[in-house]
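J.: Here it is, the structure, as structure tokens.
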There are 2 protein chains.
Amino acid sequence: MSDDEAAAGADDFETVVERVLERVEPDADERETFEAVATELLRRAEDAATERCPDADVVLVGSTARETWISGDRDVDVFVRFPPDIDRDTLERYGLAVGHETLPDGREEYAEHPYVTGELDGFDVDVVPCYRLADATDIRSAVDRTPFHDDYLQARLDAELAREVRLTKAFMKGIGVYGSNLRTRGFSGYLTELLVCEYGGFRELCAAAADWRPPVELDPEAHGDADHQFDDPLVVIDPTDPGRNVAAVCDATNVARLQHYARDLLAEPRLDLFEAEDPAPLDEAALRDHLDRRRTTPVAVRFDAPDLVEDQLYPQLEKSRAGIADALVRRGFDVLRTDAYADETGVVLAELAVAERPAVERHEGPPVHVRAHAEDFFDAYADDPDVYGPFIDGDRYVVEREREFETARGFLESDALLEVALGAHVESALADGYEVLVGDEVAALGPEFGVELAAYFEPVP
Amino acid sequence: MSDDEAAAGADDFETVVERVLERVEPDADERETFEAVATELLRRAEDAATERCPDADVVLVGSTARETWISGDRDVDVFVRFPPDIDRDTLERYGLAVGHETLPDGREEYAEHPYVTGELDGFDVDVVPCYRLADATDIRSAVDRTPFHDDYLQARLDAELAREVRLTKAFMKGIGVYGSNLRTRGFSGYLTELLVCEYGGFRELCAAAADWRPPVELDPEAHGDADHQFDDPLVVIDPTDPGRNVAAVCDATNVARLQHYARDLLAEPRLDLFEAEDPAPLDEAALRDHLDRRRTTPVAVRFDAPDLVEDQLYPQLEKSRAGIADALVRRGFDVLRTDAYADETGVVLAELAVAERPAVERHEGPPVHVRAHAEDFFDAYADDPDVYGPFIDGDRYVVEREREFETARGFLESDALLEVALGAHVESALADGYEVLVGDEVAALGPEFGVELAAYFEPVP
């Protein structure tokens with residue numbers, strides 16, 4: 001923003017922030033509803049837990065517990081803590097039983113260990129069993145750590161900082177970097193709250209992020225040590241565990257994106273940066289226009305999406321995307337950009353700069369002076385009517401032989417696709433059958449993935 | 001050759017060699033004619049030289065002098081040696097005067113220094129002035145060395161070895177590796193004779209070459225030293241100068257080719273390996289057949305050949321070939337194979353695996369965290385309607401912008417071609433105008449370069 005614009009009365013930072021807060025602060029009604037739900041959940045869970053194990057207790061964790069949730073959030077996490085002397089099997093059995101008693105319509109899910117998820121009065125509730133331990137470094141599974149995180153933040157977040165956390169979350173959601181699931185690979189709630197504590201506020205975090213030079217390392221408790229080194233663009237040593245980077249899942253793109261939009265917000269404060277909006281789905285005419293203008297050849301492999309939770313599906317999809325892209329490049333089909341989507345179907349999309357190769361390819365033999373190998377190579381091809389050569393180039397025999405796949409479609413439709421490094425369930429899905437779309441045919445993805453195609457062909461930071 | 005074939009009476013090595021010798025040994029008539037010409041040349045040159053410098057003398061050098069010429073060779077080199085106390089200008093002046101008196105119809109040529117070339121009774125004669133020195137390591141220019149080479153070989157080549165040299169030369173000519181000019185980059189006469197001396201005969205040389213493991217180093221006088229290291233596939237330390245590799249010009253392809261055909265000859269001795277024959281020129285129909293089968297896109301840049309001697313022209317042509325190939329590859333036009341020809345016109349030919357690219361190309365900006373550069377990059381493209389992006393990929397801004405050249409033809413026809421690393425005279429020739437041929441259009445090269453195209457599209461070792 002230029003000085004003129006500022007003088008002309010463009011929104012200033014505080015004005016924008018006030019308006020955002022009006023939207024994201026839960027109002028009295030919302031709080032009241034939440035309190036009622038939380039009380040009921042804790043009561044049910046505690047009854048069920050102590051009935052089985054008198055020494056168990058129950059805690060609310062997460063942003064709802066810490067008053068850092070933003071209006072409209074509906075996630076409530078109830079942790080049921082058991083003493084460490086009960087064995088794992090018993091803990092799991094008790095945990096599920098408590099879950100089902102707390103959420104009569106709930107269903108079981110499996111992360112590191114099983115838990116029950118369900119609904120109560122419009123809130124999405126997880127009832128998760130864990131061990132109650134003396135120190136976070138003794139944890140037996142990741143969920144055991146959560147209550148420690150909660151304690152740490154509870155002790156530091158006053159009402160003022162909670163407000164800053166809400167702003168920060170709204171901003172991170174607005175610019176698409178919020179969430180540590182393996183689809184987003186962005187900033188978790190815990191990480192966000194730690195960053196706000198560390199820098200002392202939302203604006204301070206923005207100012208700092210705008211000048212970050214990754215790798216950025218923060219160590220709130222100053223207890224990181226040389227035994228634990230992290231190769232991540234953002235490192236925030238867990239205050240409850242010096243061996244853990246809270247930002248391990250946050251990828252370079254999301255770190256850079258936060259930097260970009262932090263600068264943007266500081267230079268030109270405005271509401272729309274706090275409002276995530278999906279682009280309008282790309283329609284077929286717009287897709288054709290892009291392809292005409294770009295003169296690339298998009299290819300897509302489409303299959304029935306494996307029935308997996310997102311945190312299992314997306315890493316497999318990503319592995320498959322990378323494997324297919326690499327295989328295309330190795331076969332000479334130059335890739336401009338790739339993407340992968342999943343809903344009912346899974347899709348790996350590759351936009352090719354080169355979709356056809358000649359019928360022949362160069363095949364280098366051994367150096368002529370490696371006599372035995374060289375003679376074998378020469379003899380193998382000397383009378384082959386399907387190759388050009390052997391001829392000598394530098395010190396080697398060379399032939400030009402038939403290329404296996406002249407088109408990207410030919411490769412993708414062949415069994416060779418299944419030899420690519422794919423996610424295990426994606427590989428099974430492909431083995432059951434898949435569809436290859438080339439060029440304009442990718443318009444068939446529009447009804448299911450129009451929004452994703454819009455994001456692809458009309459990219460923003 | 002299998003044992004059965006041998007038993008069935010295929011030609012044996014000695015039978016083949018005898019037949020080759022019948023062809024390559026000059027007969028009595030040819031020798032007599034040569035003697036007469038040589039005597040006349042020496043008389044004329046000596047008269048002209050001593051008239052100007054009483055201390056000058058005249059020698060025949062090269063294969064004719066050493067009796068290692070093969071029937072049909074017509075090259076005679078007359079060296080006029082002046083004492084080292086006359087200055088260079090005088091030497092050149094005297095040398096040209098002696099040349100013109102010896103060859104009244106001769107013309108001047110310029111290698112390292114000027115000499116006269118012409119004809120006498122059907123022989124091609126060079127009259128070359130040089131210094132007469134005590135030691136080859138004192139030479140002032142390359143030609144001063146020649147008489148030392150001559151002395152060295154004269155002392156070692158008896159009639160038996162001279163016969164072996166003739167055979168070797170016939171073989172090297174037959175397989176296309178004879179000649180140290182910068183077009184062929186093969187084996188010089190001097191190198192060939194040294195190799196025969198070193199191994200003791202033609203068959204022995206073949207047996208040794210068949211098992212060479214380059215870099216091969218030979219040092220007939222065992223006077224090579226650590227101060228002179230050579231990075232060539234074949235190193236033969238000059239017996240008259242430890243600082244010189246006689247085989248410096250011989251490239252890896254010709255070394256490998258000699259190895260290949262030496263094995264072939266030993267396994268299956270036959271006359272045709274001693275008989276160089278150009279392939280039949282490729283006609284237009286055959287060219288189209290090859291292109292249909294290969295599905296490549298040949299492109300050719302054709303220009304008026306610069307008026308240079310071959311040893312100046314071919315290095316320039318080679319530099320231009322490499323420069324154009326590299327520029328094509330850098331712009332995404334993948335090259336399968338290239339070649340270059342010269343006659344009346346000069347041609348750089350590149351056979352492309354990819355002749356078209358999309359309209360857009362990826363252009364990576366700075367990492368987002370390099371704030372000043374990153375902001376400049378973003379601002380430069382943020383409102384540019386002709387680019388896609390900027391978006392963020394990993395830690396960087398990226399845009400997809402219009403590619404400069406979508407087709408290889410577009411690039412080759414543009415001024416950008418003149419910015420490629422080219423030979424100086426080729427660059428001037430292109431600046432005066434050139435023609436670009438694409439695909440079937442390269443058939444237009446047939447009338448001038450049909451033989452070269454046949455060698456290209458029907459390659460042999």
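J.: Please report, ordered by residue number, the strands (runs of 3 or more DSSP E) entirely within the range A:89-190 with at least 1 residues that are more than 28 Å from residue A:256 (Cα to Cα) and among the hydrophobic types (A, V, I, L, M, F, W, C).
T.: So the answer is A:114-120, A:123-131.
J.: Something else about it: Do you know which residues across the range A:391-420 are in a helix (DSSP H, G or I) and either farther than 14 Å from residue A:299 by Cβ or within 11 Å of chain B (Cβ to nearest Cβ) (or both)?
T.: Those that are in a helix (DSSP H, G or I) and either farther than 14 Å from residue A:299 by Cβ or within 11 Å of chain B (Cβ to nearest Cβ) (or both): A:415, A:416, A:418, A:419.
J.: So residue A:299 fits all but one of (1) within 30 Å of residue A:352 (Cα to Cα); (2) surrounded by fewer than 16 Cβ atoms within 10 Å (Cβ to Cβ); what number is the exception?
T.: (2)
J.: What number of residues within the range B:196-213 satisfy the criterion of being away from chain A (no Cβ under 12 Å), charged (D, E, K, R) and surrounded by fewer than 19 Cβ atoms within 10 Å (Cβ to Cβ)?
T.: 2
J.: Further question: Can you pull out every residue in the range A:68-91 that is acidic (Asp, Glu) and surrounded by fewer than 15 Cβ atoms within 10 Å (Cβ to Cβ)?
T.: Within the range A:68-91, A:75, A:85, A:87, A:89 meet the criteria.
J.: Which of (1) more than 18 Å from the chain's Cα centre (by Cα); (2) under 30 Å from residue B:459 (Cα atoms); (3) aromatic (Phe, Trp, Tyr) is the odd one out, the single condition residue B:230 does not satisfy?
T.: Evaluating residue B:230 over (1) more than 18 Å from the chain's Cα centre (by Cα); (2) under 30 Å from residue B:459 (Cα atoms); (3) aromatic (Phe, Trp, Tyr) leaves (2) as the failure.
J.: Could you run through the range B:336-382 and say how many residues are outside any strand (DSSP E or B) and under 27 Å from residue A:259 (Cα atoms)?
T.: Adding up the residues that qualify gives 15.
J.: Could you list, in sequence order, all residues of the range B:319-347 that are away from every other protein chain (no Cβ under 14 Å) and touching a Gly at 6+ places or on another chain (Cβ under 9 Å)?
T.: Answer for the range B:319-347, where residues must be away from every other protein chain (no Cβ under 14 Å) and touching a Gly at 6+ places or on another chain (Cβ under 9 Å): B:319, B:320, B:323, B:340.
J.: Let me spell it out: the conditions are (1) touching a strand residue (DSSP E or B) at 6+ places or on another chain (Cβ under 6 Å); (2) modelled with pLDDT of 95 or more; (3) among the hydrophobic types (A, V, I, L, M, F, W, C), and residue A:97 meets all of them except one. Which number is the exception?
T.: All conditions are met except number (1).
J.: Against the definition (of a type in the set (Gly, Ala, Ser) and either surrounded by fewer than 19 Cβ atoms within 10 Å (Cβ to Cβ) or farther than 30 Å from residue B:434 by Cα (or both)), how does residue B:247 come out, yes or no?
T.: The answer is yes for residue B:247.
J.: Tell me, yes or no, whether the range B:305-312 has at least one residue that is outside any loop (DSSP other than H, G, I, E, B) and at pLDDT 95 or above.
T.: no
J.: In this structure, is residue B:268 within 26 Å of residue B:234 (Cα to Cα) and in contact with a Gly (Cβ under 7 Å, 6 or more places away or on another chain)?
T.: Judged against the criteria, residue B:268 is not a match.
J.: Still on this structure: If the Cβ limit is 8 Å and pairs must be 6+ apart or interchain, which residue in the range B:140-162 that is under 11 Å from residue B:190 (Cα atoms) pairs with which residue that is acidic (Asp, Glu) and in a helix (DSSP H, G or I)?
T.: Within 8 Å, the pairs are B:153/B:193.
J.: Restricting to the range B:263-304, what's the tally of residues that are among the charged types (D, E, K, R), more than 22 Å from residue B:179 (Cβ to Cβ) and outside any helix (DSSP H, G or I)?
T.: 6
J.: When the residues of the range A:214-240 are filtered to those that are farther than 21 Å from residue A:185 by Cβ and touching a helix residue (DSSP H, G or I) at 6+ places or on another chain (Cβ under 7 Å), which remaining residue is nearest to the other protein chains (Cβ to nearest Cβ)?
T.: Per the criteria, the residue is A:220.
J.: In the list A:323, A:332, which residue meets the criterion of being surrounded by fewer than 23 Cβ atoms within 10 Å (Cβ to Cβ), on the phi > 0 side of the Ramachandran plot and at pLDDT 95 or above?
T.: Going through A:323, A:332 in turn, just one is surrounded by fewer than 23 Cβ atoms within 10 Å (Cβ to Cβ), on the phi > 0 side of the Ramachandran plot and at pLDDT 95 or above: A:332.
The values are calculated or read from the model by the stated rules, or taken from the named source; none is laboratory data. Just so we're clear, the structure is a prediction, and the values are computed from it rather than from any experiment. Note that each Cβ is placed from the backbone with ideal geometry, even for glycine, and that neighbours are counted across all protein chains shown.
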